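For reference, the structure discussed in these notes is given below.
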Amino acid sequence: MYSLIKNIVCCSGVSGREKKVSALIKNEIAPFVDECYTDTLGNLIAVKRGSGAKKLLFCAHSDEIGFIVTYIEENGMLRLAPIGGINFVAAAYSEVVFENGTRGVLVPDSGTKADALTADRFYVDIGASTHGEAARRVSVGDCFSLVHHTTKLSANRISGRPLDDRLGCAIMVEVAKRIKNNESDIYFVFSVQEEVGCRGAKPAAFAIAPDVAIAFDVTGTGDTPGAKPMAVKLGGGVAIKVKDMSVICDDDLVSELHALARDKKINHQSEILTYGGTDTSSLQLAGAGCAAGALSIPTRYIHSAVETVDMRDVKACVELAVAYAEAFK
Ligand SMILES: [Zn+2]
């Protein structure tokens, strides 16, 4: 599964610019589903047909946090605005890449103190000396992101950017591949614009009107030096979401997922995230609403260039999702 993850991670897709990554995912999932289509907002939707009695929706967002060029200075430096929740302390002095392949380095204005690191104090140096030279390579309105990569840290742990949420996308491809018997229709939604307010998932869920929806996304951990107390840890198994700042998951669904994990001997833990939200809220509240929950991957250093996970948690997530889909009727 590592090569699938590597492939999906290393493709650019800043919120609102997900076409490239969606096309790549479509190629990966198409052999395992009956149908693939893209809706008005750009959500990629893959369907595995069952008898059609009930509908289960799986969702992972294909977009990533990034930046947009707002201004080109006379000296060829680029000014920018953030797209999504950028941690500028983590982003300072990073390599960045534009959709057209242009490389640059993201740097704060000289003398900026650590507690004043905000978007308007940053510029990108693409190696140009004049406005004209820069403008020949990038334009105002172009998007860019921290450089994509995956690195094996140890036998089970990998670091990369953006694991949030290409990991969820890779998990859904793997789940589609492994499901052998599904009685109900299963929809795989690769949603757009999650990082700017869970926008894509809502119209997708409205159109599908599922009975149950489950999101796959990353969640924080409490197992690093100085971390806020949190019961989730790397290597502790798939994290079954109870709540985050955007959603309280369906109580029965949470219990069902726990029981299934126990029954199948899949390593799992309970997740309560006290910061941040997920597409789960949009799925729950679309149309007349549905029973919604999430299976999360414990992830260290979320939204940095070195998001870090344990592949055993990823495998546990795939196993639980496949078991749930096959039992769903
Ligand atoms: Zn995410």
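The set of residues from the stretch 168-185 being part of a strand (DSSP E or B) and either more than 20 Å from ALA213 (Cα to Cα) or within 16 Å of the ligand (Cβ to nearest atom) (or both) is empty.
The number of residues in the stretch 262-283 being away from the ligand (no atom under 16 Å from the Cβ) and either under 24 Å from ARG166 (Cβ atoms) or acidic (Asp, Glu) (or both) comes to 5. Restricted to the stretch 218-329, the set of helices (runs of 4 or more DSSP H) holding at least 2 residues that are within 22 Å of GLY84 (Cβ to Cβ) comprises 280-285. Taken over the stretch 13-24, the criterion of being within 17 Å of THR150 (Cβ to Cβ) and either aromatic (Phe, Trp, Tyr) or surrounded by fewer than 22 Cβ atoms within 10 Å (Cβ to Cβ) (or both) is satisfied by LEU24 alone. When MET245 is tested against (1) within 16 Å of the ligand (Cβ to nearest atom); (2) surrounded by fewer than 16 Cβ atoms within 10 Å (Cβ to Cβ); (3) under 19 Å from ILE171 (Cα atoms); (4) not hydroxyl-bearing (Ser, Thr, Tyr), just one condition goes unmet, and that condition is (3).
Assessment of the stretch 157-166 against the conditions (within 16 Å of the ligand (Cβ to nearest atom) and out of contact with any strand residue (DSSP E or B) (no Cβ under 8 Å at 6 or more places or on another chain)) yields no matching residue. Checking the stretch 320-329 against the condition returns no match, with no residue being among the charged types (D, E, K, R) and within 16 Å of the ligand (Cβ to nearest atom).
Scanning the stretch 121-137 for residues that are aliphatic (A, V, I, L, M) and touching a Lys or Arg at 6+ places or on another chain (Cβ under 9 Å) yields VAL124, ILE126, ALA128. If we keep just the residues of the stretch 1-47 that are over 16 Å from the mean Cα position of the chain (by Cα) and modelled with pLDDT under 95, which is farthest from ILE171 (Cα to Cα)? My answer is SER3.
Being at pLDDT 95 or above, within 16 Å of the ligand (Cβ to nearest atom) and crowded, with 19+ Cβ neighbours inside 10 Å is true for just one of ALA205, ALA201. Which residue is that?
Details: ALA205 fails: within 16 Å of the ligand (Cβ to nearest atom).
Sole residue among the options that is at pLDDT 95 or above, within 16 Å of the ligand (Cβ to nearest atom) and crowded, with 19+ Cβ neighbours inside 10 Å: ALA201.
Considering (1) outside the structural domain of GLY277 (by TED's automatic domain parsing); (2) hydrophobic (A, V, I, L, M, F, W, C); (3) buried (at least 24 other Cβ atoms within 10 Å of the Cβ), the lone condition that VAL189 does not fulfil carries the number (1).
Yes/no matrix, rows are residues, columns are (1) under 21 Å from SER282 (Cβ atoms); (2) part of a strand (DSSP E or B):
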residue: SER110; (1), (2): no, no
residue: ASP115; (1), (2): no, no
residue: SER129; (1), (2): no, no
residue: GLY141; (1), (2): no, no
residue: ILE158; (1), (2): no, yes
residue: ARG166; (1), (2): yes, no
residue: GLN193; (1), (2): yes, no
residue: ALA204; (1), (2): yes, no
residue: ALA213; (1), (2): yes, yes
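The values are calculated or read from the model by the stated rules, or taken from the named source; none is laboratory data. Given the structure is predicted, the values throughout are model-derived calculations rather than measurements. Counting neighbours? That spans all protein chains shown, and the Cβs are built from the backbone with ideal geometry, glycine included.
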